[in-house]
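To keep things clear, I will list the structure first and then write my remarks on it.
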Amino acid sequence: MFLYIRKRGINFPLFFILFGEKYLLFFFLWTFHFLRVPVFELLNSNQTGVEFNNHIEDKKEHNILLYANYYGGGGVGIADFDNDGLQDIYFGGNLVSDVIYRNLGDFKFEDKTINSGINDNGSWSSGVTIADVNMMDL
């Protein structure tokens, strides 16, 4: 079975139907790249409310020579923390504080860090791990 996308009067076959799911993502991305169809759209912080910036600056007391994972980033965790059915975002910061955003829907987020209980003691976050212990909430 063949599936075609028509662009500028030319039929482009999508062969993933013949090859199965193994090649689905590859051919999906290849086709959209070849046809110049945008897959993602960049939204700015004015639209989303997400203003986190893990700004890292080389200093004498903070640099890659003293800390091997200096540019590794703090990490991102996505889960439904408040059980409202929407995926919230947790950002781990290195030289900045960790931040949690509540998803309001329609790609709008609200900073809930102040009331979240996140301990801002100036320590370095080197990753974010999310686990649902009872496998019911997240």
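The values are calculated or read from the model by the stated rules, or taken from the named source; none is laboratory data. Predicted model only: the values in this text are computed from it and were never measured. Positions of Cβ are generated from backbone atoms using ideal geometry, with glycine treated the same way; all protein chains shown enter the neighbour counts. For accessibility, only protein heavy atoms count, side chains too; no ligands or nucleic acids. Shrake-Rupley method; radii C 1.70, N 1.55, O 1.52, S 1.80 Å.
A single entry from 75, 105, 117 fulfils the requirement of being under 21 Å from residue 131 (Cα atoms) and out of contact with any Phe, Trp or Tyr (no Cβ under 9 Å at 6 or more places or on another chain): 117.
For segment 89-138, residues that are open to solvent by 40 Å² or more (accessible area, probe 1.4 Å), of a type in the set (A, V, I, L, M) and assigned to a strand (DSSP E or B) total 1. Go through segment 55-80 and give me each residue that's part of a loop (DSSP other than H, G, I, E, B) and modelled with pLDDT of 90 or more. Across segment 55-80, the qualifying residue is only 80. One residue stands out among those in segment 123-138 that are of a type outside the set (A, V, I, L, M, F, W, C) and at pLDDT 75 or above: the one that is farthest from residue 81 (Cα to Cα), which is 123. Any chance segment 51-66 includes a residue that's free of Cβ contacts under 8 Å to residues at least 24 places away in the same chain and open to solvent by less than 70 Å² (accessible area, probe 1.4 Å)? Yes, the conditions are met somewhere in segment 51-66.
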